[in-house]
Amino acid sequence: MKLSALLAILILAVAGTAVRAAELKLEAQLVWASNQSTSPNPKHKPVEPEIKKKLESLPLKWSYFYEVKRQEFSVSDASETKVELSGKCQLEVRDLGDNKVEISLCGDGKVVWKGAQALPKKEILVLGGKAPGDTGWLVTIKRIE
Amino acid sequence: MAEKNHSTAADLKLVEWAQGGDMDAFEELVARHRDKIYARAYSMMRSEDVALDLSQEAWVRAWQRLQQFQGDSSFSTWLTRITINLCLDQLRKQKRQKAESIEEMDEESGGVERQMPAVTINPTERLERGELRQRIDTALGQLSHEHRTVLVLHEFEEMEYKEIAKTMECSIGTVMSRLFYARRKMAALLAGLKNED
Amino acid sequence: MNEELQLKLQAYLDGELPEAEAREVAAWLAQDSGAVGLMTELKNTRAALALHERGVNVPESREFYWSKIRREIERSDAAAHRPAPAPVSPFKWLRRALAPGMGLALVVATLFLITRPGTTAPGLGLTVATADAGTFTYRNFESGATLVWLPYPAENRLAGGGSGGNLQQQ
């Protein structure tokens, strides 16, 4: 009885380690929000419909969302993953386990927001603020695996 | 004691509750009048962002001064006055930062518009409603803030010359002159006689 | 027509003339087509403006607009060391959203919260460690989207518009 219990604990522990060892794959996007139907930068393309739908479900006043940069990355609990979205905008992300990630948004090298968020699949976290000319900047983070 | 029903209560009752610290009552007032307050700020400032900020600031001021509201006018009128004053303060600040141009001096005295032949075309008959609204919006944006403010206070707020002069801290003669100029320029722009550049 | 007469005509239209002067202007209008033309123009402009005033609405949802006002009120109340108004449960928005007959809220369950450092937002799965005052969080449960709205950067140092702002500096 004792041996079987010990085995069960060992199996669970090994399985747990295996799960924790698997890295979370995430995708971050830097998005420019505007009411202009075309972006002045031809490199910008509209965000994918899935992201657009999510953004439209939020109380944002803009109708058009342009992808400025998209980056896929992996995170682990061992160390922070740094993701550079623009010269002044970086993310630092760490896996906390149980679908939870710790995210730091850095502007000009300083942390302007830090929080821990559960990110199961199909969920999205959007960080945002105002930009000049009645536009907005958004950083979307979602899990892809 | 009867339970409060915010959605059906009259404005004055909501104010009374809000004066007692009832934030939900104040929120109901915001919901009822936010479009009017925003529209007033937008008509004066011509910027969505600035109008949003100032209209929200007006609500904050209203909350802070709620005890001063005695019901001499409607709550909506009282709040609109707070909004107008905030907008005027902001416009004055902007003006101080901007050197007075020759064009502005010309506008002050009426410019060429005063001499234009009368526009007898009625824009409300000639233009489709959406197009008319768009053209008025553009035209309002082309007026200096002094002319636009006089127009807004007189046409939208239905203020008398004397009251406008007091609000804008200028003479009645200046109010009359600015109003006349603003109306004439609007007429020309609506009739398409002046380039909308 | 000189400026004085033009302004007098306008004052007549606006009901700002004393009775005796108003009678004079009325008599003048009866015999001067130029004055009639100008009067028609002034009346038409007034009618057009009256139409324009309708239809300008706040370009934000009720909740979003109010949340910013409430935040400022709470901030100013705290600064003035006055007793803050009775706190409203953060679940108020959720209750409202789920209440029948609330239009859009019927299908969209939402939660608004002011998120401060060290707080855990109930129901959001979000814990905030660092945030400027004024940061708040909006959650749409149906779409699975969480928005963290930041007051940063005040003058947009982090990102720029589409025409050359820092946003595009990659």
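All of the numbers you see were taken from the coordinates with simple rules; none came from a lab. Predicted, not measured: the structure shown is a model, and the values here were computed from it. No Cβ is skipped: glycine too gets one built from the backbone with ideal geometry, and neighbour counts run over all protein chains shown.
If N is the number of residues in the stretch C:1-66, what value comes out of its Cα radius of gyration divided by 2.2 N^0.38 Å? Please report the intermediate quantities before stating the final value.
Details: Rg = 18.4 Å, N = 66, 2.2 N^0.38 = 10.8 Å.
Its radius of gyration relative to the 2.2 N^0.38 Å reference: 1.70.
Just tell me which lysines come within less than 20 Å, Cα to Cα, of B:Lys4; anything on the same chain fewer than 8 places away is out.
Result set, ordered by chain and number: B:Lys13, C:Lys92.
Please arrange B:His6, B:His145 by how many other C-beta atoms lie within 10 Å of their C-beta, fewest to most.
The fewest-first ordering by Cβ neighbours comes to B:His6, B:His145.
Over the stretch A:13-145, one equal point on each Cα, no solvent: what is log10 I(q)/I(0) by the Debye formula at q = 0.09, 0.21 Å⁻¹?
Computed log10 I(q)/I(0) values: -0.28, -1.28.
Could you name the lysines whose alpha carbon sits less than 20 Å from that of A:Lys121, not counting residues in the same chain fewer than 8 places away?
The qualifying lysines are A:Lys25, A:Lys52, A:Lys53, A:Lys54, A:Lys100, A:Lys142.
If I take every Cα pair under 8 Å that is 6 or more residues apart in the stretch B:23-96, average their sequence separation and divide by the length, what percent do I get for the relative contact order?
35
Round to the nearest 0.05 the FRET efficiency obtained for B:Glu158 and B:Glu3 when R0 = 35 Å and r is the Cβ-Cβ distance.
For B:Glu158 and B:Glu3, the calculated efficiency is 0.40.
Hey, rough spin-label estimate for A:Glu48 and A:Ala78, points 7 angstrom out along Cα→Cβ, what's it come to in nanometres?
2.8
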